[in-house]
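None of the figures in this text is laboratory data; all of them are computed from the coordinates on show. Quantities reported herein were computed from a predicted structural model and do not represent experimental measurements. Quick reminder, even Gly has a Cβ in these numbers, built from the backbone with ideal geometry, and neighbours come from all protein chains shown.
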Amino acid sequence: MKLISLLAQLALHLKNRKFENKSISEASIGWHLIHSLLVINNITESLLVSDPNKYVKEDNRVRDIVLTKKQIKRGVAHSPEAVTPGQEIKKGQIKDLLDQAKVNVVKFALIPKHAHFTHYSMGMLKKKEAIKFLIIHTKHHLKIINEIVESELVLRS
């Protein structure tokens with residue numbers, strides 16, 4: 001699954017967790033790692049406990065744009081409190097969240113097709129849409145992380 005390879009890419013940046021570049025992002029790489037992993041874990045848990053019978057198909061322009069264009073515009077969305085890391089970023093916390101995310105990705109096979117979660121701006125997303133969103137969201141943060149790493153390498157050379 002594509003999300004597994006994205007988790008592997010996130011793991012490669014554990015060593016870079018303290019890097020930051022305010023012209024690219026207000027947050028450090030560690031913040032982006034924790035945020036991305038919290039999103040994966042929280043959405044998976046929401047899908048697992050949802051009642052597939054309560055899924056309601058609804059029109060949502062934001063969802064349609066994000067899922068069709070396969071990108072999230074930078075600086076437009078905000079992170080809900082449940083997936084916003086605290087001030088202190090610890091390597092152990094990132095590793096724990098990463099381990100949990102690896103287990104959760106395997107759980108996707110157990111989740112019914114009409115399991116769903118409700119995103120604050122995209123509305124109800126069923127399993128397939130949720131997985132697609134997780135891939136788009138993780139790629140979005142990996143792009144920011146990679147830009148910060150590149151800027152750090154330029155500064156050091």
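A convex hull fitted to the Cα coordinates of the stretch 15-157 yields 113 cubic angstrom per residue.
Among the trypsin sites (Lys or Arg not before Pro) in the stretch 1-54, those located in a DSSP loop and surrounded by at most 14 other Cβ atoms within 10 Å of their own Cβ are 18, 22. What angle do you read, to the nearest 10 degrees and between 0 and 90, between the alpha-carbon axis of helix 127-156 and the longest principal axis of the chain? The two axes meet at around 10 degrees. Rounded, prolate or oblate: pick one for the stretch 116-157, where a ≥ b ≥ c are the square roots of the eigenvalues of its C-alpha gyration tensor, a/c under 1.5 means rounded, and failing that, prolate if a/b is larger than b/c, else oblate. Taking the square roots of the gyration eigenvalues as a ≥ b ≥ c, the stretch 116-157 is prolate. Straight-line cross-link reach from residue 91 at under 25 Å between alpha-carbon atoms covers these lysines, not counting any fewer than eight positions away in the same chain: 2, 15, 18, 22, 102, 107, 139, 143.
The phi-based Karplus calculation (6.51 cos²θ - 1.76 cosθ + 1.60; θ = phi - 60°) puts the 3J(HN,Hα) values of the stretch 53-61 at 6, 9, 5, 10, 6, 9, 6, 8, 5 Hz, whole numbers, x for Gly and Pro.
Can you tell me the 0 to 90 degree angle between the C-alpha axis of helix 2-12 and the longest principal axis of the chain, rounded to 10? Its long axis makes an angle of about 20 degrees.
The helix-only estimate of mean residue ellipticity at 222 nm for the chain, built from DSSP H runs of length n ≥ 4 each weighted as -39500 (n - 2.57), is -19000 deg cm²/dmol after division by the residue total. In plain terms, the chain is cut at each of the GluC sites (Glu not before Pro) found in a DSSP loop with at most 10 other Cβ atoms within 10 Å, and the longest leftover piece is 89-157.
Hey, what angle do you get for helix 29-49 against the long axis of the chain, alpha-carbon based, 0 to 90 degrees rounded to 10? With both axes taken from Cα atoms, the answer is about 10 degrees.
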